[in-house]
Structure formats: structure tokens, C-alpha cells
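> Take this structure, written in C-alpha cells, and hold onto it; I'll ask about it next.
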Amino acid sequence: MLFDWLGRQALFAFDPETAHGLSIAALKTGIPLCPAPAANPRLRTRLRGLDFPNPLGMAAGFDKNAEVPDALLRLGFGFAEVGTVTPRPQPGNPRPRIFRLTSDRAVINRLGFNNEGHDAAAGRLRSRTAAGGIVGVNIGANKDSPDRVADYEDGVRRFAPLASYLTVNVSSPNTPGLRALQGREQLAELLTRVVATRAGLDGSARTTPIFLKIAPDLAQPELVDIAAEVDAKDIDGVIVSNTTLSRDGLKSLAHAAEQGGLSGVPLFQRSTAVLARLRLLVGPDRVLVGAGGVATTQDAIEKIRAGADLVQLYTGMIYEGPALPGRIVRGLAKFAEAEGVQSLRDIRDSGSARWAALAAS
């Protein structure tokens with residue numbers, strides 16, 4: 001805890017984007033930042049042909065360019081998701097574009113898919129193919145693309161042979177018009193073309209799981225449409241959720257008016273309620289990943305109770321430090337042992353109805 005506090009104090013002396021770069025640099029050194037948790041069979045789960053050692057993952061956005069996925073796994077994560085990666089490199093939106101809302105333990109970002117492009121990420125992933133571990137790739141579209149769906153097709157072709165799974169990100173609020181791809185007609189076309197592209201690949205790439213990442217700001221009729229398209233196109237899973245445009249209940253007034261997506265603790269209830277509603281729509285067999293506001297073991301447990309098979313975090317680590325994933329994984333193991341459950345799947349959906357009934361704010 002002292003190490004995390006000191007590390008946070010040091011990083012918070014810098015602006016958020018510089019601090020993020022320093023975090024990546026520290027992980028690239030390979031120096032162990034904290035001890036990884038011991039493996040526990042109660043936390044293992046097999047989903048879509050992938051064996052997850054535990055259900056906690058690093059969400060996309062931290063390692064945009066696939067620089068440190070193995071270092072993240074060594075922190076205790078059961079899986080890591082890199083990206084969002086676009087076909088061509090792009091600088092993203094002008095700085096400043098990340099804002100800490102410390103009183104709320106939250107962040108607003110309007111990065112805009114800043115990344116080094118497919119070539120750079122693919123080269124790094126190709127060099128680690130023998131390293132093992134579950135590493136997903138989050139794919140997106142260039143801001144100025146004349147055919148954004150074609151960009152996702154390019155992402156499937158490029159990364160299906162290299163990734164444990166792919167995430168189709170249509171829910172970032174920071175690329176104008178991108179969230180329109182969540183509308184039923186556009187989503188149907190996108191998923192049809194993405195699945196067809198995967199089917200045309202060779203070998204094991206033909207079966208690389210595809211997840212869809214959605215926003216937490218969707219109304220129930222929109223969730224119904226998404227669930228229907230996910231079922232019709234047999235998409236492997238859905239990640240719920242990306243950042244929110246809502247600013248309800250914030251204490252940190254200094255940056256609350258900044259444009260961009262809000263992540264962190266204030267997102268927890270909204271994202272978890274949407275997760276539960278989607279679970280009730282898609283049924284028990286579709287993989288759901290709960291993301292948004294996770295900062296404690298109890299948060300992770302509630303995501304699972306609401307319907308998540310897997311859980312992701314990112315902003316929580318900004319405030320809690322690199323030991324957070326290890327603490328949560330150890331906490332999940334203690335919880336499973338105390339409750340006498342052989343698998344966390346045993347508690348999944350136990351709170352779906354309760355969470356689905358809550359207001360998403």
C-alpha cells in the first residue's frame with residue numbers, strides 16, 4: 001500500500017498523459033513492480049476456447065500500442081487487452097485531453113484513438129507469440145476513414161492470427177460519429193462484414209473470438225437491438241462498457257465540463273446496470289465482460305453477480321497503483337473459498353435482476 005501511495009504521489013506530480021507514458025516506461029523495464037497472486041483453481045474459467053487463469057483483465061486504452069501486455073499479465077491480470085488500434089497511425093485529439101477528477105476517483109479523456117497503427121502493434125504482437133497468456137486486441141477505425149467498416153475488416157485480417165480475441169470498439173465517444181455504428185442497421189452491416197472477414201481467414205484465425213464493446217449510455221430499446229444483432233451474427237461476447245458522457249453526481253467541478261468520456265468510480269452503477277440488462281437479453285451462454293468503475297474486490301464480485309463472466313479495469317489502477325490487480329485477484333480467491341464455491345461462475349447472474357432494476361446513473 002505504501003509503494004502504491006508513493007508511486008501515485010510521484011506520478012500525480014505530472015500531467016496525466018506524461019504520467020501514463022512514465023507508467024508504460026516503468027513496465028517496459030521488466031522490473032517486477034509488485035508480486036503476482038498465486039494461481040487458484042477456483043478462479044479459472046474456460047470461455048470460447050480460451051483458458052483464463054482468473055477473470056480480471058486490463059481494459060483497452062492503457063496499452064494502446066501493444067508495448068507491455070506481458071508486463072501487465074505479470075501484475076496478476078488474467079488477460080490483457082491492447083489498443084484501440086487503427087489501420088493507420090493517428091495523433092488523436094489536441095492536448096490537453098486527459099483530466100483527473102481526483103475527488104471522484106475518475107478520469108475524463110478525449111484521446112481520440114491516438115495510436116501508432118496496425119504495423120507497429122502487429123510487429124510487437126508477432127514477437128511475443130510464444131510468450132503465452134491471453135492478449136486481446138481492440139480494433140477501431142481511423143477518424144478520416146472513407147469506409148469505417150473496412151477499417152474493422154482490416155483489423156480482423158491483421159490481428160485475428162495474432163490475438164487471443166478481438167474487440168470491435170464502436171463505443172468511444174471521442175471519434176465523431178463512431179457511436180452511430182451501434183444503431184441496428186449499421187451494426188448489422190458491421191458485424192456481418194467482420195464475421196465474414198474472419199471466416200475467410202486461414203487456420204486458427206477463423207475461430208478467433210470476436211467481442212463487441214458498447215457504450216453505457218444506451219436506452220433499453222437500443223440494448224434490445226444490440227442483443228438481437230449479437231445473437232443473429234453469433235458474436236462471441238460483449239464488453240459492457242466504454243466510458244460515459246454522463247456527468248451525474250460529480251464532485252470534481254473543475255473538469256466536469258470537459259468534453260470526453262468519463263471513467264472510474266462514477267461509472268460503476270451505470271455500467272453495471274447496463275451489463276445486467278444485457279445479460280437478461282442475451283441469455284446465459286453469451287460471454288459478457290463487465291468494465292467500468294472497478295476498483296475493489298467487491299466491485300468485481302458485483303460485476304459477476306450482475307452477469308459478467310470476466311471483469312476489466314483501467315482507471316482504478318491510476319488511483320490504486322500497480323498492486324491493485326493482485327489485491328483484487330487475491331480477494332476473489334478468498335471470497336470463493338469463504339463462500340465454498342468451486343467457480344465464480346456459481347455466483348454469476350445471482351444479482352442480474354437486482355442490478356437491471358437500478359437506475360443507470
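The values are calculated or read from the model by the stated rules, or taken from the named source; none is laboratory data. A quick note: this is a predicted structure, and the numbers were derived from the prediction, not measured. As a convention, Cβ positions derive from the backbone with ideal geometry for all residues, glycine included, and neighbour counts pool all protein chains shown.
> Ala36 passes all but one of (1) at pLDDT 85 or above; (2) assigned to a helix (DSSP H, G or I); which number fails?
(2)
> Identify the single condition in (1) part of a helix (DSSP H, G or I); (2) in contact (Cβ under 8 Å) with a residue 24 or more places away in the chain that Pro221 does not satisfy, given that it satisfies every other one.
(2)
> Applying the selection to segment 247-281, what residues are under 20 Å from Pro96 (Cα atoms) and out of contact with any helix residue (DSSP H, G or I) (no Cβ under 6 Å at 6 or more places or on another chain)? Quick ask: steps written out before the conclusion?
First, the residues of segment 247-281 that are under 20 Å from Pro96 (Cα atoms): 247, 252-264.
Arg247, Leu253, Ala254, His255, Ala256, Ala257, Glu258, Gln259, Gly260, Gly261, Leu262, listed by residue number.
> Just to be sure before I move on: is Leu313 touching a Ser or Thr at 6+ places or on another chain (Cβ under 8 Å) and touching a residue at least 24 places away in the same chain (Cβ under 8 Å) in the structure I sent? Can you show your working first?
On the way: touching a Ser or Thr at 6+ places or on another chain (Cβ under 8 Å): no; touching a residue at least 24 places away in the same chain (Cβ under 8 Å): yes.
When the stated conditions are applied, Leu313 does not pass them.
> Let me ask something else. Hey, can you tell me all the residues within segment 165-190 that are outside any loop (DSSP other than H, G, I, E, B), surrounded by fewer than 23 Cβ atoms within 10 Å (Cβ to Cβ) and not hydrophobic (A, V, I, L, M, F, W, C)?
Correct list: Arg179, Gln182, Arg184, Glu185, Gln186, Glu189.
> In addition: Can you list the strands (runs of 3 or more DSSP E) lying wholly within segment 41-133 that have 2 or more residues being not aliphatic (A, V, I, L, M)? It would help to see each step written out before you state the result.
Values: elements: 45-47, 50-52, 56-58, 79-85, 98-101, 106-109.
So the answer is 45-47, 50-52, 79-85, 98-101.
> Do the conditions hold for Leu281, that is, is it buried (at least 21 other Cβ atoms within 10 Å of the Cβ), of a type in the set (A, V, I, L, M, F, W, C), at pLDDT 95 or above and under 22 Å from Val168 (Cα atoms)?
Values: buried (at least 21 other Cβ atoms within 10 Å of the Cβ): no; of a type in the set (A, V, I, L, M, F, W, C): yes; at pLDDT 95 or above: yes; under 22 Å from Val168 (Cα atoms): yes.
The answer is no for Leu281.
> Considering every residue within segment 153-161, establish whether at least one is out of contact with any His (no Cβ under 8 Å at 6 or more places or on another chain) and over 30 Å from Gly183 (Cβ atoms).
Yes, some residue in segment 153-161 is out of contact with any His (no Cβ under 8 Å at 6 or more places or on another chain) and over 30 Å from Gly183 (Cβ atoms).
Conditions tested, residue by residue: (1) under 20 Å from the mean Cα position of the chain (by Cα); (2) farther than 19 Å from Phe211 by Cβ.
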| residue | (1), (2) |
| --- | --- |
| Thr86 | yes, no |
| Pro96 | no, yes |
| Arg100 | yes, yes |
| Ser103 | no, yes |
| Gly117 | yes, yes |
| Ala131 | no, yes |
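> So, one more: Among (1) of a type outside the set (Lys, Arg); (2) surrounded by 19 or more Cβ atoms within 10 Å (Cβ to Cβ); (3) in a helix (DSSP H, G or I), there is one condition Thr18 misses while meeting the rest; what is its number?
(2)
> Okay, moving on. When Lys143 is evaluated against the numbered criteria (1) over 15 Å from Thr86 (Cα atoms); (2) in a loop (DSSP other than H, G, I, E, B); (3) modelled with pLDDT of 95 or more, which criterion, by number, is the only one it fails?
Lys143 satisfies every listed condition except (1).
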